[in-house]
Amino acid sequence: MRLTLASLLFLAVACNKDLLPRPPVESRLYYPSGVAFVPPADLDGGLGRLYVANSDFDRRFDVGWVTAVDLSQVRSPDGRTLPLPGQAVAPPPDGGSDQGRPVQFTNIATTPASIVNISPFAGLATVDDAGTRLFVPSRAEGDELAVMDITLGVDGGAPIRCFFSGGSDCTVDAIQLAQAQDPGQIGVPAAPQPYSVTLAPPLPDGGPDDRIYVTHLRPASSPAQSITNLENFLVTLRQGDLDQARAAWATDGGYIVPDSAFSSIGHGASNSIIVAPIQRDFLYVSGRAKLISSDLDVLLRVVDRQSNLVAYPQLQLVYASLDARALQIRPDGRRLYLAADDPATLLVLDVTSSNLEDLPPVFTLVRAVPLPEGPNDVQLLTRPNRAPLVVVSCSVDGSLAFYDDDLGQIAALVPGVGAVPFAIAVDRRGDDFARLYVSNFGDGRIAVVDVPLSVDAAGGRLSPRIVAHVGMKQYCVLATDDRNCVDTTP
Amino acid sequence: MKTRLLSLLVVGLLACAQSGTAPPTRLSGTNSSAVSGSLLFVTSTRSNELRVLDLEPRSGLARDFVRAPNPLVPLSITTVPAPVEISTPTRYAPLGQALQGDWIFARGAGGPSVSVIGAMNCPQQLKEFGRITPRPDSVVTALTSRLTVDDLQAQLYFTTFDGTDSTLWEMILPNQPRDRSVTSLDPRHCNVYPGQMPLYVLQPLDVIREEVVTAMVALPTVVHPAEAPDPEERRLVIASRLLHPPASFTDPDAGTAMSEVGRIRVVTPQPTGLESSYEAVFNSNTTVAESYPVKRLLTHGNVVKLIAFGDAGTVNVDVDGGVTGGVTDVVMDAGTRIFGILDEASCNGRIDCVGVLAVDLDRTRALAARLLADGGVDLDAGTQLLRFPVAIDGFDDRRDLIDDGGVPVLVDGGNNGATLVPFQVADTWYRSPATFPDGGPRDANRMLPIRFANNGSVGIIQDITIQANGLALYFTGIQFQYGLLGFVSVTGVGNSIPVAQIFAFDAMTLRQINFAPNTVTVDQFKPILNNGATATFRGGPQNIQIAQGIWPNTDGVFVLYEGIVAGIAGEPLDAGLGDPNAGTWPLSINSRVLAEQGFIEPYDLVVPVDYTGTECAYAFPVLPLAADGGVLVARPGGLFLQTRTVALTDTLEGPMLPDGGGNVLVLSDGTIPSIVNCPPPVAYNLRSSSVTAHPLTVTGQVSGYLGRMALPPPNGLTNFDAGANTIPQFIRFWRPDADAGADATFLTSTGLAFTMQDKIQYFDENGQLVTDAGIEPVLTQGDQPSLRGSGYFFHFLNAYTPASVPISSASLGVAGISIPGALALYQRNIYPLPENLGQDRVFVLYPGGNVIVDFSPTTVSYAATTTSDFGVHF
C-alpha cells in the first residue's frame, strides 16, 4: 500500500510538471533532410552558402528548422577551413596526417540568426537560380511549405529570414497546402505531406517563368479524414503571387493557396518533378506506390504544363517496380534517369518526342542498373565530350553511386558517406570538378564529396572522394539528450 | 536461411528433415550467381559478400545455404565492395555438360578489383583468397573465365577502364583435376585444395583504345565424345562500345537509328598483344558490317544427338562421352555459337534492335561497311568486310529424311507425282543455314531472332542461360529435346499470355517455342445487339484470316455499326472547358492523341451522356472545321471537337452537305431536336456514323481498338486488315513452323484480315445456292439509338502461347518476386536423359525480394501458372 501511494504521488508530480521549451539548436544539424547550395559571388574564390533543413524527425525539439551555413566560416576542431572544390584540405597544423579520412568540420560557425523555424519532417530544399529564395516543404501536421528570403546583404554571411513575415519563425507565415483536409472540410483539393519543390526554368524564348511546382506524398481524402476518394494533386504556385502576398502580409496575413493552384494527377504519391528541357512543355513527375492495384502505375507521370492533363507512360509494364524516387534528364531531353526502389535500380529511359504537337513523349526503358540499397536523390553531372554522370544517394547503403552512361554501369561507388545519405546539392562551377553536399539524415552531418569530371581534373579517371563532413554527429544527442553534446567517435 | 521447396511431395520430407530453425541469410542484392559443381554462389551486393546454396544436400534434406563454422549462421564469403558480377572457370564435357573449376571471381560495382574465391565445399576453401587490383585508378567492367580441358589451369580474363581506354588482363591460376562423373566433391579429397592464395600469373594482354568493354566470353576447347580433345582453345570474344562513335552514323538517313556503336572482336592473346580474327556482327540488319553494343555474351557446350540403337535396352553414357546402346552425332561443336544480349540503350530500345542475337563463329560473310575511317557514312555500302554475320532466325526446323544410302527420300510434291520433293521431318536440332536458298543473306523477319512475350513489349532483357541438349516438358507430357535450350529473364510482363517474365527458347533454330495446342481457328461467329444478345442480322465479316505469329492474343473482334471510336467514351466535360450547347466538346490528352492520329473522322457522332451514364437519344455529327479539313478545332483553352447543334436523322437522305448540313432529324411533331434537348451532359461518347468514310468500327476484346472500315459498295466488298502498316501496329514476332524455310519476303505482314461484302452467297440446308445481304441494311443507316453499338462478333484462337515460366509472388506465396535478374543453370548429369526428371534446375535471382527461385525445365508447365516443383530460397 505504501508503495502504491508513493507511486501515485510521483505520478501526480510528473503530471503537473510543465514541459520545458525545447527550441532548435543553431550549432548543430539534426536529422538533416533537404540541402540547398548557393554559390558565392566570387566563383573563383568563395565557397558559397549551404541551407540545411533539419527535419527534427523524432520531435526532440519543438519545431524543425533551417540552418544557413557560410561554408567559408566552418572550421575543423584544429581550425582548418574547407578548401575550394577539387582542392585538398590543408594538413593538420600539428604536422600530423588525416590518413586519407574525411576531415570533420564540426564548427559550423552559426549564430541564432542563422536559423529559422519550420515545421518538423522537412522534405527536400530548393533554391532559386538567383540564390534569393529557399523553399522547404514539411510533412508534419499543417502540411506547410516554408518560403525563406536568403538574399545576400551587404554584410555577406549566410542570411535567412521568413519570406512573408521577415521574422525567424516561418511556421507563422508558411503556406498551408492541405487546409481542405481539416476535419469537416470537403477534403479536396489539397496536398497533404508536401515533399519537394521544383522551380520552372526560363521559357524557351528566354523569358521568365515564375511557376513553382510542389509534390506531396499522402493522397487527399474526400471528404476530409474519410480515407475515401483518394487523390493526389500537383500544386502550381506563382512567384508573383508570393510577392504580392508578401507585400500584403501585414494587412492580409498568410498566403492562401487558391483551389485553381491544384490539379489532379490521379492516384499515387508524387515524389519529384523536372521540367522537360528545350520546349519545356511537359512536367515529368516521379511517384511512389499507386493506391490500388488496378490503377495505372505512377512511377512516372507526364503533365501537360498548358492544360495540366496527365499521361501515364506505364513503366511498370516494362519494369515491375512500385516505388520511384528522384529523377533527372539530360540537357538535350533525350534520356531520363529515374531512381526506383524494390529492387534498387537506376532506370535509364530514352525519351522520344512526338511528331505531333502537344503530345507527350514516349519513354523506352533501355537500361536497369542495379544500385545499392535505398536510392533516393539523383543529380546529373555533365562532362565535356563525355556522357553525363548520374549520382544517386543510396540511403540504406550509406553510399553514393556514380552511373556513367558511357560505361552503361556504375563507374564508381563511394561508400561510407555517412548514415542515410538523403539529398544532394551540387556546386558546379566549371568543367573540371563538381562538389556534392550530401545530407546524412542518420548522423546529422553534411558529407562533402569532390568529383573530378574532366581529363584535366583527374586524367580522365573517375575518382570521387569524400573530402569532409560538416556538422557534429547527432548520435550523442539521441543517447544523452544533451543538445550540446559532442560525439568524439571518428 | 530459409529454403522452401514447393513440391508438395517434398514438403513432408522437409518438415521431418530440417534440423533446427534456419537462420536468416540476410541476402541483400541478389544481382549475380554462378553454379560451380554442386554449389550456387550468389551475390549479396549490399553486404559485400557471397552466399552459397548447397544444391546436393545429404539425402532427405532440402537444399540449404552452406553454413558457417558456427552452424547457426550461414556462411558469408567476403568480397570486393558491392559485388555485381561473378564468374567461374568453365569447360564443357564431350556431351555438352558445363564443368567448373576451383574458383569464383567477383567484381564490384565501380570497383578496381576482382575477388578470388575458393569454390570447393571444403573447410579451407569457401573464402576470399585475395583481391587482384592491377589498376587501382580504374574500374573493372567485365570478366570471364575458362578451364583448360585437363582441369589443371583456370584462366581469368577481365578488363579495366581508366576513363579513356580499356585494358585486358589475364590471370592464370592452378586448378585440381577431379572426378567429373559427379558434380559434388568427395570431402575426402579436400586435402588437395589450397587454403591460401596459390602462385598465379597476372599480366596485361592489350589495351583497347577509346572503347569500353561491356562483355566477354572465353571460348571453350572442343572435345568430341570418346576422342582426344582439340588443341587448347585460347580465343576470347570481347564486346565493347565505342566512346566516340562517328556522329553522322546516328543520322536517320544513314539507314539505321543506331546511336551507339559496338565492336565484337574474336581475338587470340599473343605475347605481342591480341591477334584479331574477324569481328562478329550483332545487328538485326544482316547486310551491314557494324554491330550494336552487347551487354552480355555467352556460349554453349557440344550439341550432341544421342541416337539409341533400335534394339537397345538402356542407353548409358560415360564421362568421356562414350555411349553404350547407341551412337552420338555432334551437331555443333562447343563454342561455335555466341549469344549476345543487345544493349537496349544503343538504339532507343527500338524493337528491332533489342533481344538475343546469335553469331556462328564458323561462318563468315562479306558485309557492307557503312562507317568510314574518316567518320563518315557510306550509304552505298561499297566497302565489303569479312565478318561473322548474325545467324538468321529459325527458318528451318525441318530436315530431309535420308535413306540408308544417304539419299533424301522424295515424295509427291504435286501434279500426281510429276513433282517430287524431299520428305522432311520436324527436327528441333537442326542447325539453321546462314543463307536462303538463293545464297543471299536476308533481313528475315526484320531479324530479331528471339522476341519475348507475345508482342515484345517486355522491358529489357536481364540474362540468358543455355543448356546444350536440354530437355523441356511439352504440353503433351513428353519431354522434347533441343540442341540448345535457352531461358531468358525480362524486366516487365508486357502483354504476355500467360503473364510471365521468364521465357524458354530454342537456341538452335533461334525461335521461341510455341506451346499452343491448336492451330489458328475461328471458333465463334455471330451477329450481336449492343446488349450482347445474339441478333438476327444477315451477313457479317467474311474471309477471316489470322496470321500465326503476328496476332499477339487469342481474341474476340467486334465489327459494329455506330461503334465507339478509338475507345473515346465517357469523355468528361470537366473544368469548364468547351461549350456543349454550342457544339464545342473538349478532348482529354489521350483522346487528342487519337484525334491527331486520324482515328476521328468527319461526321462521327458526339452522343451526350448525362450524370446517370445514359446516352442522349440524339447524336450530333462532328464537323471538319479545322483549317486542314480535320476535326480538331482550336478554341481558347486548347483543341476541341465541333459538332453541329442539330441531330442526325435516323434514315439517311443522302451524303452530308459541305457545310455540315443535311440529314437533320425532324421529329413527328415537326420539331428539330438540338443539344439542349438532351439531359444536361456530364460527358460524351464518340461513335462512328454511316455518313463517315468508314462507318464500321473494329475492336478487339483484348487488343482494343483496331480501326474502322468502309461499307461495301453495291455488289462489291471492302477490306479490313491490321498488321505491320496499321495503327495499332502488329508486326511478326514469331515464325510459325509452317513458314520455316521460307523467305521472309513472302510472309504476310497482315495479322488480321476480313471483308465485308454487299452480297454473300451460301448453300442452304437444301443445298440451294442462296444470295443474301452481306450486311444488314439497317446497319448502314442514320442514327438508330437502339442499335448503336450493334453489329457482328467473331472469336479466334491465335495459336501462339510462348513457352514461359509464369510465376509470381501470388503463385508462390513469397514476397518480392517481381523482377527476375540473373539466371544460372545446374546440370547434374553428364547428359540430359528423360529418366533424370527434375534434376536439372534453372536458378532465377529476384533482387527486389532477395529471393532465389529454381525450377526444372523438365517439370515446369510452360503454358500456365503452376506451383509444383519450385524451390524458393531466401
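The values are calculated or read from the model by the stated rules, or taken from the named source; none is laboratory data. Quick caveat: nothing in here was measured; it's all calculated off a predicted structure. Cβ coordinates were reconstructed from backbone atoms using ideal geometry, including for glycine residues, and neighbour counts include every protein chain displayed.
When the residues of the stretch A:74-83 are filtered to those that are surrounded by fewer than 18 Cβ atoms within 10 Å (Cβ to Cβ) and in a loop (DSSP other than H, G, I, E, B), which remaining residue is nearest to the chain's Cα centre (by Cα)? Break it down into steps so the answer makes sense when it comes.
Residues of the stretch A:74-83 surrounded by fewer than 18 Cβ atoms within 10 Å (Cβ to Cβ): A:75, A:77-79, A:81, A:83.
Subset that is in a loop (DSSP other than H, G, I, E, B): A:77-79, A:83.
Values: A:Pro77: 28, A:Asp78: 31, A:Gly79: 30, A:Pro83: 24 Å.
Across the stretch A:74-83, the extreme among qualifying residues is A:Pro83.
Within the stretch A:450-484, track down each residue that is of a type in the set (Val, Ile, Thr), without any contact (Cβ under 8 Å) to a residue 60 or more places away in the chain and away from chain B (no Cβ under 14 Å).
Result: A:Thr480, single match.
Of B:Thr748, B:Thr771, which residue is under 29 Å from the mean Cα position of the chain (by Cα) and closer than 30 Å to B:Asn715 by Cβ? Break it down stepwise before answering.
Values: B:Thr771 fails: under 29 Å from the mean Cα position of the chain (by Cα).
After applying the criteria, what remains is B:Thr748.
Just wondering, is there one or more residues in the stretch A:323-336 that are touching a strand residue (DSSP E or B) at 6+ places or on another chain (Cβ under 9 Å), within 9 Å of another protein chain (Cβ to nearest Cβ) and in a strand (DSSP E or B)?
Within the stretch A:323-336, one or more residues are touching a strand residue (DSSP E or B) at 6+ places or on another chain (Cβ under 9 Å), within 9 Å of another protein chain (Cβ to nearest Cβ) and in a strand (DSSP E or B).
Please specify each residue of the stretch B:591-603 satisfying the condition of being buried (at least 18 other Cβ atoms within 10 Å of the Cβ) and facing chain A (nearest Cβ under 8 Å). Steps first, answer last, please.
Filtering the stretch B:591-603 down to residues buried (at least 18 other Cβ atoms within 10 Å of the Cβ) leaves B:591-596, B:599-603.
If the condition is that a residue be buried (at least 18 other Cβ atoms within 10 Å of the Cβ) and facing chain A (nearest Cβ under 8 Å), then B:Arg592, B:Val593, B:Glu596 are the ones that fit.
Regarding the stretch B:843-855, can at least one residue be identified that is over 30 Å from B:Arg538 (Cα atoms), in contact with a Leu (Cβ under 9 Å, 6 or more places away or on another chain) and either among the basic types (Lys, Arg) or free of Cβ contacts under 8 Å to residues at least 12 places away in the same chain (or both)?
Looking for residues that are over 30 Å from B:Arg538 (Cα atoms), in contact with a Leu (Cβ under 9 Å, 6 or more places away or on another chain) and either among the basic types (Lys, Arg) or free of Cβ contacts under 8 Å to residues at least 12 places away in the same chain (or both), one finds none in the stretch B:843-855, hence no.
May I ask you to list the residues in the stretch A:317-351 that are of a type in the set (Lys, Arg) and free of Cβ contacts under 8 Å to residues at least 60 places away in the same chain?
Scanning the stretch A:317-351 gives A:Arg325, A:Arg330, A:Arg334.
Answer yes or no: is there a residue in the stretch B:809-826 that is buried (at least 22 other Cβ atoms within 10 Å of the Cβ), more than 14 Å from chain A (Cβ to nearest Cβ) and either in contact with a His (Cβ under 9 Å, 6 or more places away or on another chain) or touching a residue at least 60 places away in the same chain (Cβ under 8 Å) (or both).
Within the stretch B:809-826, one or more residues are buried (at least 22 other Cβ atoms within 10 Å of the Cβ), more than 14 Å from chain A (Cβ to nearest Cβ) and either in contact with a His (Cβ under 9 Å, 6 or more places away or on another chain) or touching a residue at least 60 places away in the same chain (Cβ under 8 Å) (or both).
Here's a check for you: in the stretch A:366-387, which residue that is over 20 Å from A:Thr126 (Cα atoms) and in contact with a Phe, Trp or Tyr (Cβ under 7 Å, 6 or more places away or on another chain) is nearest to the other protein chains (Cβ to nearest Cβ)?
Of everything passing the filter in the stretch A:366-387, A:Ala368 is nearest to the other protein chains (Cβ to nearest Cβ).
Quick check on this structure: which one of B:Leu126, B:Leu95 is closer than 25 Å to B:Thr336 by Cβ and either in a loop (DSSP other than H, G, I, E, B) or over 33 Å from the mean Cα position of the chain (by Cα) (or both)?
On inspection, the qualifying residue turns out to be B:Leu95.
What number of residues within the stretch B:163-195 satisfy the criterion of being more than 38 Å from the chain's Cα centre (by Cα) and small (Gly, Ala, Ser)?
So the answer is 1.
So, B:Leu632, is that one within 14 Å of chain A (Cβ to nearest Cβ), free of Cβ contacts under 8 Å to residues at least 40 places away in the same chain, within 24 Å of B:Gly570 (Cβ to Cβ) and within 43 Å of the chain's Cα centre (by Cα) or not?
no
If you go through the stretch A:428-463 one residue at a time, how many are within 20 Å of A:Ser272 (Cα to Cα) and not in a loop (DSSP other than H, G, I, E, B)?
Final tally of qualifying residues: 5.
Are any residues in the stretch A:109-147 more than 22 Å from A:Arg59 (Cα to Cα), aliphatic (A, V, I, L, M) and in contact (Cβ under 8 Å) with a residue 60 or more places away in the chain, and if so, which ones?
Result: A:Val127, A:Leu134.
In the stretch A:177-210, what residues are under 18 Å from A:Glu231 (Cβ atoms) and in a strand (DSSP E or B)?
A:Pro194, A:Tyr195
Would you say B:Val778 is among the β-branched types (Val, Ile, Thr), surrounded by fewer than 17 Cβ atoms within 10 Å (Cβ to Cβ) and outside any strand (DSSP E or B)?
Working: among the β-branched types (Val, Ile, Thr): yes; surrounded by fewer than 17 Cβ atoms within 10 Å (Cβ to Cβ): yes; outside any strand (DSSP E or B): yes.
When the stated conditions are applied, B:Val778 passes them.
Taking the stated definitions as given, is A:Leu359 in a loop (DSSP other than H, G, I, E, B) and either farther than 15 Å from A:Asp332 by Cβ or more than 11 Å from every other protein chain (Cβ to nearest Cβ) (or both)?
Values: in a loop (DSSP other than H, G, I, E, B): yes; either farther than 15 Å from A:Asp332 by Cβ or more than 11 Å from every other protein chain (Cβ to nearest Cβ) (or both): yes.
Here the answer is yes, as A:Leu359 does meet what is asked.
Within the stretch B:589-609, identify whether any single residue is out of contact with any Leu (no Cβ under 7 Å at 6 or more places or on another chain), part of a loop (DSSP other than H, G, I, E, B), without any contact (Cβ under 8 Å) to a residue 40 or more places away in the chain and of a type in the set (D, E, K, R), and answer yes or no.
No - not one qualifying residue is present in the stretch B:589-609.
For residues that are touching a residue at least 40 places away in the same chain (Cβ under 8 Å) and within 16 Å of A:Leu347 (Cα to Cα), scanning just the stretch A:299-316, find the one that is farthest from the other protein chains (Cβ to nearest Cβ).
Top of the filtered list is A:Leu300.
Just checking, how many residues over the stretch B:62-84 are touching a strand residue (DSSP E or B) at 6+ places or on another chain (Cβ under 9 Å) and assigned to a loop (DSSP other than H, G, I, E, B)?
Counting residues in the stretch B:62-84 that are touching a strand residue (DSSP E or B) at 6+ places or on another chain (Cβ under 9 Å) and assigned to a loop (DSSP other than H, G, I, E, B) gives 11.
If you check B:Tyr831, B:Tyr862, B:Tyr826, B:Tyr846, which single one turns out to be in contact with a Lys or Arg (Cβ under 6 Å, 6 or more places away or on another chain) and more than 30 Å from B:Ile528 (Cβ to Cβ)?
So the residue among B:Tyr831, B:Tyr862, B:Tyr826, B:Tyr846 that is in contact with a Lys or Arg (Cβ under 6 Å, 6 or more places away or on another chain) and more than 30 Å from B:Ile528 (Cβ to Cβ) is B:Tyr826.
Table: residues versus (1) part of a loop (DSSP other than H, G, I, E, B); (2) under 30 Å from A:Asp243 (Cβ atoms).
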| residue | (1), (2) |
| --- | --- |
| A:Ala88 | yes, no |
| A:Ala113 | no, yes |
| A:Phe135 | no, yes |
| A:Met148 | no, yes |
| A:Ala158 | yes, yes |
| A:Thr171 | yes, yes |
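Would you please name the residue that is modelled with the lowest pLDDT, looking only at residues in the stretch A:340-356 that are at the interface with chain B (Cβ under 7 Å from one of its Cβ atoms) and not in a strand (DSSP E or B)?
A:Leu356
Which of the residues belonging to the stretch B:516-535 are touching a strand residue (DSSP E or B) at 6+ places or on another chain (Cβ under 7 Å) and either assigned to a loop (DSSP other than H, G, I, E, B) or aromatic (Phe, Trp, Tyr) (or both)?
Residues satisfying the conditions are B:Asn518, B:Val520, B:Phe525, B:Ala535.
Only one of B:Val493, B:Val522 is within 14 Å of chain A (Cβ to nearest Cβ) and either in contact with a helix residue (DSSP H, G or I) (Cβ under 8 Å, 6 or more places away or on another chain) or at pLDDT 95 or above (or both). Can you tell me which? Lay out the reasoning, then the answer.
Working: B:Val522 fails: within 14 Å of chain A (Cβ to nearest Cβ).
Just one listed residue meets the conditions, B:Val493.
Give me the residue from the stretch A:388-423 that is small (Gly, Ala, Ser) and more than 9 Å from chain B (Cβ to nearest Cβ) and, out of that set, surrounded by the fewest Cβ atoms within 10 Å (Cβ to Cβ).
Taking the candidates together, the pick is A:Gly416.
Being within 14 Å of another protein chain (Cβ to nearest Cβ) and touching a residue at least 60 places away in the same chain (Cβ under 8 Å) narrows it down to one residue among B:Leu168, B:Leu143, B:Leu156; which is it?
B:Leu143
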